[in-house]
Amino acid sequence: MNSISIPKHNWDSTLYEDKHAFVWQYGEDLLQLLNPKPGELILDLGCGTGQLTEKIAQTEAEVIGIDSAATMIEKARQNYPHIHFDVADARNFQVKQPLDAVFSNAVLHWIKEADEAIACIHQALKPGGRFVAEFGGKGNVQAIVKALCTAMKSVGIFEPQTLNPWYFPSISQYVTLLEQQGFDVIYATLFDRPTLLVEKEAGIANWIQMFASAFLVGMTVEQQIKVIRQVEDELKPTLYQEGTWTADYRRIRILAIKV
Ligand code: BEZ
């Protein structure tokens, strides 16, 4: 059996780069929807350690990366010293010059105040500017969340959903928010994207510790281990095959234009 060690602090940029590269590897085809052009000014919103920001820079667009986690920005600056990175929050960032596009991969499901982020993105764009984003949509990681909530109840946490850190909207919910704030949505899709967790047997335990740590806050280490083991037992028949875990990701992908 894999061993579980509970880290004190989970937004570890090295762990993120080493073990969770799928976050930006899957994001690469979103770049085709962005279709950056030389000379365009583009913001990568929630850039993490900068891998997709660098891909945008390779097209000779001028790109800026922002992320709310200082540890991620520190690593992004080390990785790509030629790119401008800043610590900033999606709900209240400002830009010096109006942008041709805002790009965001695998971030907006962390922002429950979606209307605040959309207002910021809108004010940052030029008229006709593009907002291209992918994030978790309605039904994302549903089996994992259900198993986590069941396991948490078994250790005496009776309202586990109050700890849920994510916003996974339906297409209609998100498109409505965008339209209310002055975007034309020209493309929106919701699709299943089962995601292999490369760490073999430890895959789901590590995923929970990296991404779902908000659910574990306030538990003793023993309770956390018990919950993770119970989640593994419950999900093994459906999400574990041939020694590898798969997370039941479901993405929403959007292309919207500032009117
Ligand atoms: C996602 O990319 O869909 C995701 C990542 C971490 C937690 C929840 C969802």
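The values are calculated or read from the model by the stated rules, or taken from the named source; none is laboratory data. Note that the structure is predicted; figures quoted are calculated from it, not measured. Glycine also receives a Cβ, built like all others from the backbone with ideal geometry; neighbour counts cover every protein chain displayed. These accessible areas exclude ligands, DNA and RNA; they are computed on the full protein's heavy atoms, side chains included. Shrake-Rupley method; radii C 1.70, N 1.55, O 1.52, S 1.80 Å.
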Note down the nm distance, to one decimal, between modelled labels 7 Å out along Cα→Cβ at residue 94 and at residue 21. 4.0
When the Karplus curve 6.51 cos²θ - 1.76 cosθ + 1.60 is applied with θ = phi - 60°, which whole-Hz ³J(HN,Hα) does each residue of the range 95-111 get, with x for Gly and Pro? 10, 7, 10, x, 9, 7, 7, 10, 10, 8, 10, 6, 10, 5, 6, 8, 10
Collect residues whose amide H, placed 1.01 Å from N in the peptide plane, falls under 5 Å from the amide H of residue 129; neighbours closer than 5 in sequence don't count. 258
Cβ-placed point charges (K, R +1; D, E -1), dipole of the chain about Cα centre in debye, nearest 20: 320
Compute, for residue 162, the solvent-accessible surface of its heavy atoms (probe 1.4 Å) with the complete set of protein chains present, and express it in square angstrom to the nearest 10. 100
Hey, can you grab everything whose amide H is under 5 Å from the amide H of residue 111? Only 5+ residues off in sequence or another chain; H modelled, so Pro and N-termini drop out. 167
Take a quick pass over the range 13-258 and tell me how many lysine pairs come in under 21 angstrom between Cα atoms, counting only ones 8 or more apart or on separate chains. 22
Which ³J(HN,Hα) values, rounded to whole Hz and listed in residue order, are derived for the range 121-131 from phi using the Karplus coefficients 6.51, -1.76 and 1.60 in 6.51 cos²θ - 1.76 cosθ + 1.60 with θ = phi - 60°, glycine and proline given as x? 5, 4, 5, 7, 8, 6, x, x, x, 9, 10
Taking only the alpha-carbon positions of the chain and ignoring solvent, what does the Debye formula give for the base-10 log of I(q)/I(0) at q = 0.07, 0.08, 0.14 Å⁻¹? -0.25, -0.33, -0.97
Grab the DSSP H runs of the chain that are 4 residues or longer, score each as -39,500 (n - 2.57), total them, divide by all residues and round the 222 nm result to the nearest 500 deg cm²/dmol. -11000 deg cm²/dmol
Considering the options 246, 124, 139, tell which one lies farthest towards the positive end of the dipole of the range 13-258, charges being +1 on Lys and Arg and -1 on Asp and Glu at the Cβ, about the Cα centre. 139
Residue-count net charge about residue 135 - beta-carbon cut-off 10 Å; Lys, Arg +1, Asp, Glu -1: +1
